[in-house]
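Below: the structure, in structure tokens.
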Amino acid sequence: MPASPSTARAINDRVALQLLQREGPLTAGQLKQLTGLSRPTVADLVERLAASGLITVVGEAGEQRRGPNAKLYGIVTDRAQLAALDVRTEGVWVVVSDLVGQVLAEASVPIGDDTGTGPAVEQAVALVERVVKEAGADRLHTVGIGAPGLIDPVTGELRDSSGLPAWHRRLATALQERLPEARVSVENETNLAALAEQRDGAAQDRDTFVLLWLGHGTGAAVVLDGALRRGASGGTGEIGFLPVPGTTGLPSATDCEGGFHTLAGSSAIAELAKRYGVSAEAGPYEPVAAGLVRAAVASGAAEADRFLDALADRVAVGAASVVAILDPGCVVLGGEVGQAGGAELAGRVEARLRRMSPLPTEVRAGALGGGAVLRGALLTARDRAQEELFAPGR
């Protein structure tokens, strides 16, 4: 059954807006060429989108031609603003952008372990309000939050997870109360990192891969056939609880001690580096393990080489379990540690997987490091805002 005229118009409008989002300002002629639509159809959709306030004339094409130059149309970026948060045990990072993702302001605040739940929530909310004000964002449409822990697939809320600060769970509700006009949503941090690596980082050419997060803690995100998989309880990728050889016990339902986290968390990597005589200073807010791995890669000394081999052994144990079950064909070593290890660590892990598994698996270093969470939160907020604002009749 052919689409109705209104449905066809809605589809054409959405295609045009996506092109303007991806390619930047375009002339009507360029839209005609890229969409394959007729000249009258393009003229109608341009008029319709301009009248709705979604696009506007932002300049003229530069080509030499008789008569006036063609008008360049672009998305009205100040129609709405977006905020993204990366929430961690040690603090909060915030960025505010326009509708197409151009950053307007950003900042962070440390939150100590001894900060009470109420004061911690207030610090985080006050930071968001300050960054929103600095950005001049008077139309905050969507707030995307990336946080560690399990997201309830039914309610979309952060579940009570052992070891995580209570203020994490209170933050989304507090933001919604203080920013009642905004749409606030929470997603697992590793899932957001995978989205960012797929859109802007190391997995742009993959629709099936696993992101193995190596930062302060460990985690994994699973993308199969282009779709992020969350699991029945929202717990897909909780690899820190994976029972592995080389530990002194087994993890429990409330504590990942004895699981993969015990081998590949930041503190475990720091202890391993000390054993091999590798030392370095971490950057601000950076897991100490990232500085140690970066120093080892740059060193080239025999003890640094042995440390990287031992670390690759540990990472490969967790990666091999994922590969055996999912056969993703590609594992991205994400987080600050994965980025610090670069191609050197990724190559060592890949060589070990070749010996451990019959399933061919490419191992890549993450390109975005710890910044992938904030980038993923911003991409998610942008997608949700555009999905609503670009819908027919808006």
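Comparing 27, 190, 155 in a Gaussian network model of the chain, where Cα atoms under 10 Å apart are tied by springs, the biggest mean-square fluctuation is seen for 155. Segment residue 254..residue 200, full-extension length gain: 16.0 nm, with 0.36 nm per residue of separation and the alpha-carbon distance subtracted. Close amide H partners of residue 332, meaning residues 5 or more places away or on another chain with modelled amide H under 5 Å apart, are 210, 211, 212, 364. Dipole check for segment 155-212: with +1 at the C-beta of Lys and Arg, -1 at the C-beta of Asp and Glu, and the Cα centre as origin, the magnitude is about 220 Debye. Report the one residue of 323, 51, 242 whose Cα lies farthest in the direction of the positive end of the charge dipole of the chain (charges on C-beta: Lys and Arg +1, Asp and Glu -1; origin at the Cα centre). It is 51, whose Cα lies furthest towards the positive end. Modelled spin-label separation between residue 60 and residue 100, with each label point placed 7 Å from Cα along the Cα-to-Cβ direction: 2.0 nm.
Solvent exposure of segment 151-191 amounts to 55 Å² per residue of accessible area, where only protein heavy atoms count and the probe is 1.4 Å. Rounded to the nearest 20 debye, the dipole magnitude of segment 233-354 is 220 debye, with +1 charges on Lys and Arg beta carbons, -1 on Asp and Glu beta carbons, and the Cα centre as origin. Can you tell which of 173, 156, 186 lies farthest toward the positive end of the dipole of segment 129-192, using +1 and -1 charges on the Cβ of basic and acidic side chains (Lys, Arg; Asp, Glu)? Sorting the options by dipole projection puts first 173. Annotation: the antiparallel percentage among DSSP beta bridges lying fully within the chain is about 65. Between residue 279 and residue 115, what FRET efficiency comes out of the Förster formula 1/(1 + (r/R0)^6) with R0 = 25 Å and r the beta carbon distance, rounded to 0.05? Working from the Cβ atoms, E equals 0.25. Heavy atoms only, probe 1.4 Å: what % of the accessible area of the chain goes to carbon and sulfur, would you let me know? Carbon and sulfur together cover 50 percent of it.
Computed over segment 241-290, the percent of Cα pairs more than 17 Å apart is 42. Under the combined filter of DSSP loop state and at most 16 neighbouring Cβ atoms within 10 Å, segment 126-229 retains these trypsin sites (Lys or Arg not before Pro): 139, 159. A simple rule links phi to the HN-Hα coupling: the Karplus curve 6.51 cos²θ - 1.76 cosθ + 1.60 with θ = phi - 60°, which for segment 223-231 gives 10, 10, 6, x, 10, 6, 9, 9, x Hz, with x for Gly and Pro. Each of 353, 376, 337 was placed along the dipole of segment 299-394 (beta-carbon charges, centred on the mean Cα), and the one lying farthest toward the positive end is 376. Note on residue 154/residue 8: beta-carbon distance plugged into 1/(1 + (r/R0)^6) with R0 of 25 Å gives a FRET efficiency of 0.10. If you wrap segment 335-380 in the convex hull of its Cα atoms and look at it from every side, the mean projected area works out to 3.7 nm².
Near the amide H of residue 257, within less than 5 Å, lie the amide hydrogens of 252, all on another chain or at least 5 residues away, with H placed in the peptide plane. Here is the tail figure for segment 241-393: Cα pairs spaced more than 24 Å apart come to 40 percent of all pairs. Treating each Cα of the chain as one equal point scatterer and applying the Debye formula with no solvent, the log10 of I(q)/I(0) at q = 0.07, 0.11 Å⁻¹ comes out as -0.38, -0.85. Estimated from helical segments only, the mean residue ellipticity of the chain at 222 nm is -14500 deg cm²/dmol, where each DSSP H run of four or more residues counts as -39500 (n - 2.57).
Result for the chain in a Gaussian network model with C-alpha springs under 10 Å: among 23, 106, 157, the largest mean-square fluctuation is at 23. A cut-off of 5 Å between modelled amide H atoms, ignoring neighbours fewer than 5 places along the same chain, links residue 60 with 72.
Taking the Cα centre of the chain as reference, the dipole from Cβ charges on Lys and Arg (+1) and Asp and Glu (-1) amounts to some 1120 debye.
The values are calculated or read from the model by the stated rules, or taken from the named source; none is laboratory data. The shown structure was predicted, so the numbers you read here are calculated from the model rather than taken from an experiment. Every residue, glycine among them, receives a Cβ derived from its backbone with ideal geometry; neighbour counts consider all protein chains shown. All accessible areas refer to the heavy atoms of the entire protein, side chains included, with ligands and DNA or RNA removed. Shrake-Rupley method; radii C 1.70, N 1.55, O 1.52, S 1.80 Å.
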